[in-house]
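Asks: Please find one structure pasted underneath; my questions will follow.
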Amino acid sequence: MHNNEKGQIYDIQGYAVHDGPGIRTTIFTKGCPLRCLWCHSPESQHHKNELGYLPIKCLGLATCQNACIEACPRGAISAREPVQALDGSGMVEKAEIDRDICDACLQCSEVCITKALYSSGRETTVDEVYARVDKDRDFFQNGGGITISGGEPMAQFDFTYNLAIRLKEGGLHICLDTTGQAQEEQYRKIMPFIDLFLYDIKHMDSEMHKKLTGLGNELILSNARFLAESGAALQIRVPIIPKLTDSESNLQKTSEFCVSLGSAVKLVQLLPYHKAGRMKYDRLGWKYKLTNVEPPDDAFMAKTLELFQRHGLNAQLY
């Protein structure tokens, strides 16, 4: 085990109640091989850090004497048209980023006094993460623990593997939230240190899966079978995206696949599409692709839940 193994994360959140059983602390790693159209954490997709910008936190360039403009070596930051200050004190010029020029060197974020400009991730080590999450140990008394999420944690396998060992040595319950898009041998290696795999099944048709995520689903389904046959515990997560994953045929095939995994499937969670991640795209200067998609209504989600339960699955709405 290497406690100084380095990895890229973008957040650690305490008191998480939707990332596995009990109260948990979730570690969010950067980097993912999939590009899901509905991704609600775009900052997780790339391994490298990116520049985020929250204009509402910018107090005006006069306040910091154009610090971000002066810091940018490529001239990618300029002044916006003046807008009314939040406190009503007058008009202020805020920063504007030319994303075509910006190379995410992050020098502007280092001088931004309000952190309106910020890095979407940071480098850390196994020991640093363990020291942080160990502070939350008292919250885990009734079945909680640690969830390693992403992005795709397996995309930083050495970091995730060594972190899992360290957490397990610390006596903590560990969930691994994974897309299933990694090498079988890597799952074989990490499996002894994972108590529960939170496993995504996004679509059963490989061609449609490729259109929705950028990759087919063959490896994902194969790894799910491997984990089930190897004695792992699985909590299957099924995103319900209107017009994309919610066809009766796909949901029927998904439920049948879950049944085929046998007793390894402890729970199936149905995750209705939501809009909460849209503003993150603006912060990164990205275009959100599902602008015309609305969340599924309660009646459809109840009907879908009934479908999975009819197959004898322990299913619930997220």
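What follows draws every value from the coordinates through simple rules; no lab data is involved. Here the structure is a predicted model, which is why all the values come from computation and not from measurement. Positions of Cβ are backbone-derived with ideal geometry, glycine not excepted, and every protein chain shown enters the neighbour counts.
Asks: What's the magnitude of the charge dipole for the chain around its Cα centre, counting Lys and Arg as +1 and Asp and Glu as -1 at the beta-carbon? Answer in Debye, nearest 20. Mind dumping the intermediate values first?
Replies: Numbers: 35 positive and 40 negative charges, 44 e Å.
Taking the Cα centre of the chain as origin, the dipole is about 220 debye.
Asks: I would also like to ask the following. Can you give the extra length, in nm with one decimal, that the chain gains between ARG137 and ILE101 once fully stretched, where that is 0.36 nm per residue apart less the Cα-Cα distance? Don't skip to the end; give the middle numbers.
Replies: Details: separation 36, 0.36 × 36 = 12.96 nm, distance 4.45 nm.
Result for the pair: 8.5 nm of gain on full extension.
Asks: So which of LYS94/LYS202; LYS48/LYS211; LYS168/LYS275; LYS189/LYS303; LYS168/LYS289 end up more than 32 Å apart by C-alpha?
Replies: On the way: LYS94/LYS202 40 Å; LYS48/LYS211 24 Å; LYS168/LYS275 35 Å; LYS189/LYS303 39 Å; LYS168/LYS289 39 Å.
Over 32 Å Cα-Cα: LYS94/LYS202; LYS168/LYS275; LYS189/LYS303; LYS168/LYS289.
Asks: A further question follows. Can you pull out the trypsin sites (Lys or Arg not before Pro) in the stretch 271-301 whose DSSP state is coil and whose Cβ has at most 15 other Cβ atoms within 10 Å? Present the calculation step by step, with values, prior to reporting the outcome.
Replies: Details: sites: LYS275, ARG278, LYS280, ARG283, LYS287, LYS289; in loops: LYS275, LYS287, LYS289.
Those satisfying the criteria are LYS275, LYS287, LYS289.
Asks: If a paramagnetic tag sat 7 Å from the Cα of ARG80 along the Cα-Cβ line, which residues of the stretch 48-67 would have the backbone N under 18 Å from that point?
Replies: Residues passing the 18 Å test: 51-67.
Asks: Report the extension gain between ASP87 and LYS275 in nm, rounded to one decimal, defined as 0.36 nm multiplied by the number of residues separating them, less their alpha carbon distance.
Replies: Values: separation 188, 0.36 × 188 = 67.68 nm, distance 2.87 nm.
Separation in residues times 0.36 nm, less the Cα-Cα distance, equals 64.8 nm.
Asks: What FRET efficiency comes out for GLN309 versus PHE226 if R0 is 25 angstrom and r is the Cβ-Cβ distance? Round to the nearest 0.05. Mind dumping the intermediate values first?
Replies: Details: r = 26 Å, r/R0 = 1.05.
Computed FRET efficiency for GLN309 and PHE226: 0.45.
Asks: Another question, then. Between the DSSP loop rule and a limit of at most 14 other Cβ atoms within 10 Å, which trypsin sites (Lys or Arg not before Pro) in the stretch 1-56 are left? All intermediate terms of the calculation are to be shown ahead of the outcome.
Replies: Numbers: sites: LYS6, ARG24, LYS30, ARG35, LYS48; in loops: LYS30, ARG35, LYS48.
Qualifying residues, ordered by number: ARG35, LYS48.
Asks: So, one more: Would you please give the residues with an amide H less than 5 Å from that of ARG237, counting only those at least 5 places away or on a separate chain, with H modeled from the backbone geometry?
Replies: Close amide H contacts, sequence-distant or interchain: TYR199, ASP200, ILE201, GLN269.
Asks: Identify, among SER120, GLY151, GLY170, the residue whose Cα sits farthest towards the positive end of the charge dipole of the stretch 116-191, taking +1 on the Cβ of Lys and Arg and -1 on the Cβ of Asp and Glu, with the dipole about the Cα centre.
Replies: GLY170
Asks: While we're on this one: Return one number: the angle in degrees, 0 to 90 and rounded to the nearest 10, between the long axis of the Cα atoms of helix 298-310 and the longest principal axis of the Cα atoms of the chain.
Replies: The helix 298-310 is inclined about 30 degrees to the chain.
Asks: Sticking with the crude label model, points 7 Å out along Cα→Cβ, report the distance from GLU294 to ASP11 in nm, one decimal please.
Replies: 2.7
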